Each structure stands twice: as structure tokens, then as C-alpha cells.
Amino acid sequence: MKDSFERRIDYLRVSITDKCNLKCLYCIPDKGLRLFRQSEILTSDEITRFVRVAHKFGVKKVRITGGEPLMRSDIISLVSSIKDIGIKDLSITTNGILLTGMAKALKKEGLDRVNVSLDTLDAQKYKVMTRGGDIRHVWKALEEAERVGLSPIKVNVVPMRGINDEEIAEFAALTFDKDYHIRFIEFMPVGGNKFYKDACVRKEEIMKKVSSLGTLNRLEFKGGGPSRNYQLKGAKGVIGFISPVSDHFCDFCNRLRLTADGRIKPCLLSNIEFDIRTPMRRGASDEELEDVFRRAVAVKPAGHGQRFNAGLVSMSKIGG
Ligand code: SAM
């Protein structure tokens with residue numbers, strides 16, 4: 001389905017929980033977050049039902065996220081149910097901590113690929129940045145994901161000034177040996193996170209650091225995703241730049257979001273939301289849900305206007 005700006009909406013990002021087993025400094029505010037009550041969170045059947053509605057309108061691509069999506073005990077059957085709807089490209093964004101034991105089953109049930117968030121290559125720094133995480137689980141997860149074929153493996157890195165920006169070239173160098181997509185995401189100064197000001201390292205600066213390793217060739221832009229992709233000469237993998245701060249990608253935005261508590265968000269940085277949990281629990285027909293879907297697409301704004309602090313508390317609450 002196309003929105004009012006002729007953008008084809010074929011991508012749904014579904015947050016299935018706001019709980020996370022890490023507390024990354026830049027994501028979770030110091031004072032913590034009020035988590036949804038269990039009864040507020042959509043059930044697996046409710047999520048699947050909504051994805052079915054979205055699929056009817058042309059959604060082909062679904063990313064499951066959170067919070068930490070692998071913390072949900074029904075994650076494997078949920079993947080299976082979503083894939084069975086006919087979703088062509090099904091992926092998960094995860095911190096990888098729980099992935100090793102699940103990768104094989106997830107792949108078997110229809111997961112196509114994973115994005116693993118990893119912001120530092122240093123074990124001690126990882127522990128500090130995640131407030132307690134053990135990086136060894138992430139390395140194992142990457143190996144296992146590769147082994148079972150959850151590829152291409154994308155690694156999400158958020159460079160932050162004075163924290164991990166000295167590691168940019170080291171991350172990029174991983175693409176010489178591995179066919180990973182290393183995706184540098186500009187830090188968004190959303191409300192409540194610790195590094196509110198001055199932490200963002202812009203795309204240009206990141207690119208300069210990456211280019212110190214060799215010639216960086218631009219790859220053809222395919223699909224509607226936010227990443228602009230490049231490859232270092234002689235590398236196996238890809239370097240992606242996602243730059244919501246420097247040059248937003250709203251003209252090509254092809255997505256809607258569904259929050260864990262059942263709100264459709266047509267734009268990450270807008271407060272426009274459509275509740276689907278209430279109508280579902282009141283016994284709404286599929287036609288009524290389809291109508292909500294149509295309305296959400298119809299009011300999708302032209303752009304986010306960089307309203308980073310307009311009520312957005314944390315990416316883990318919305319689904320990053
Ligand atoms: N727990 C999963 C994970 O760690 O990948 C999924 C949820 S996490 C919120 C999804 C992504 O959002 C991560 O890659 C994280 O780096 C990114 N993220 C969180 N806060 C951000 C911010 N303020 N700016 C840019 N990216 C952010």
C-alpha cells in the first residue's frame with residue numbers, strides 16, 4: 001500500500017517486549033524505565049493477527065525487535081507463525097546474548113537473518129556500556145548465526161564520542177575477513193538517555209575514519225531501508241551508514257512500527273499512534289483492523305523533522 005507521499009509501505013517493525021537483559025547506557029535511562037505489565041503486551045496470536053492484516057496490504061518484510069526479543073519465551077513459535085503468513089524477509093534485531101542456543105531453531109522455523117547490536121570490541125568496555133553484559137556470548141552468537149545461515153549478518157554499531165568512536169576503523173576492518181554488514185548508526189539524542197548532548201558522531205566523520213582503511217566504494221541503493229551501503233576495496237563484507245541525524249531518510253521510509261503494547265506508529269519520531277490492542281480485545285473484525293491499518297498509513301508524515309525528544313523516551317520502549 002502507498003502512503004500519501006507515494007511511498008510504498010512494505011516493512012513492519014514489530015516490538016514484542018520492552019524488557020531487556022542488558023541496560024545499555026545510551027538506550028536505557030539511569031533511572032530505568034517503567035515496563036509494561038504482562039497484560040498490556042500483545043500476545044503471540046494478537047501479533048500474528050496484525051501481521052496478517054499488514055501482509056494483506058503488501059507488507060513483505062518484518063523485523064522483530066524490542067527490548068530484547070529473545071527474552072520472550074514464545075519467540076520460536078512466534079517466528080514460525082509470522083513466517084507462515086507468507087512474510088518473505090523475516091529478521092530479528094538482538095543483542096545476541098541468548099542467541100547461541102536458539103539460532104538453529106529460529107532458522108528452522110523461518111527466520112531469515114539477524115542484526116546483532118555490538119558497540120565495542122573490548123570486553124571490559126562492553127561490560128560498562130551494557131551495564132554488565134558478557135561479550136563472549138555475542139561472539140559465540142555471531143559464530144552460531146553464521147554456522148546456521150542466518151545471513152547476511154548485520155552488526156549494529158552506535159558510535160559515541162569519547163566512548164567507542166576510536167573503534168570505528170577496527171569495526172570496519174572486520175569486513176575484510178567476514179562478509180558481515182557493519183552498520184554505523186548515528187546516535188539519536190532521544191529523551192532520557194545518558195549521552196544526551198554532543199555524543200553523536202556524524203556519518204561524515206565515521207566515513208572518514210573508515211576511509212583510512214582504503215577506498216570506500218558506494219554500492220547501489222536497493223530497497224527502501226535506511227542504510228546507505230559501501231564496501232572497502234578488497235573486503236568481503238559491507239559497511240552501512242544509517243544517519244537519522246545528518247540526513248534523514250524519510251523520503252524512502254517504507255515502514256510502520258508496532259509497539260509491544262499494541263500501538264501502530266507510522267513514524268518513530270511522531271506522537272501519532274493507533275491503538276490496535278483495545279479493538280482486538282473488544283472483538284474487532286479483521287475489516288476493522290484493516291481500517292486502522294489504512295488510517296495509519298494515510299497519516300504517515302512526510303518526515304520526522306528531527307523531533308528526537310518529542311516524547312520518545314528510549315528505543316527499547318518503542319522497538320529499535
Ligand atoms: N535488544 C535488541 C538489540 O540490542 O539489538 C533490540 C532493541 S535495541 C533498542 C535496537 C537498536 O536500537 C540497537 O541496535 C541499538 O543500538 C539501537 N539504539 C538504541 N538507542 C539508540 C539511540 N539513542 N540512537 C541510535 N540507536 C539506538
DSSP loop (so not H, G, I, E, B), at most 11 other Cβ within 10 Å: list which trypsin sites (Lys or Arg not before Pro) in region 1-92 pass both filters.
Lys31, Arg34, Arg37
For the chain, find the longest principal axis of its Cα atoms and tell me its angle to the long axis of helix 168-177, 0 to 90°, nearest 10.
90
For the chain, the longest principal axis of the Cα atoms and the Cα long axis of helix 44-56 enclose an angle in degrees, to the nearest 10, of 90
Taking only DSSP H segments of four or more residues, each worth -39500 (n - 2.57), what value at 222 nm results for the chain once the sum is divided by all its residues, to the nearest 500 deg cm²/dmol?
-8000 deg cm²/dmol
For the chain, would you read off the P(r) tail past 28 Å as a percentage of all alpha carbon pairs?
37
Here the percent of antiparallel bridges among DSSP beta bridges lying wholly in region 11-317, to the nearest 5, is 30
May I ask which of Lys108/Lys236; Lys125/Lys203; Lys23/Lys222; Lys203/Lys236; Lys108/Lys140 have a Cα-Cα span longer than 29 Å here?
Lys23/Lys222
Stretch in the chain that is longest and holds no GluC sites (Glu not before Pro) that DSSP places in a loop and that have at most 12 other beta carbons within 10 Å
7-219
Under the Kirkwood approximation for Rh and a Cα-based Rg, what ratio Rg/Rh is obtained for region 62-166?
1.00
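All of the numbers you see were taken from the coordinates with simple rules; none came from a lab. Given the structure is predicted, the values throughout are model-derived calculations rather than measurements. We place every Cβ from the backbone using ideal geometry, glycine too, and count neighbours over all the protein chains shown.
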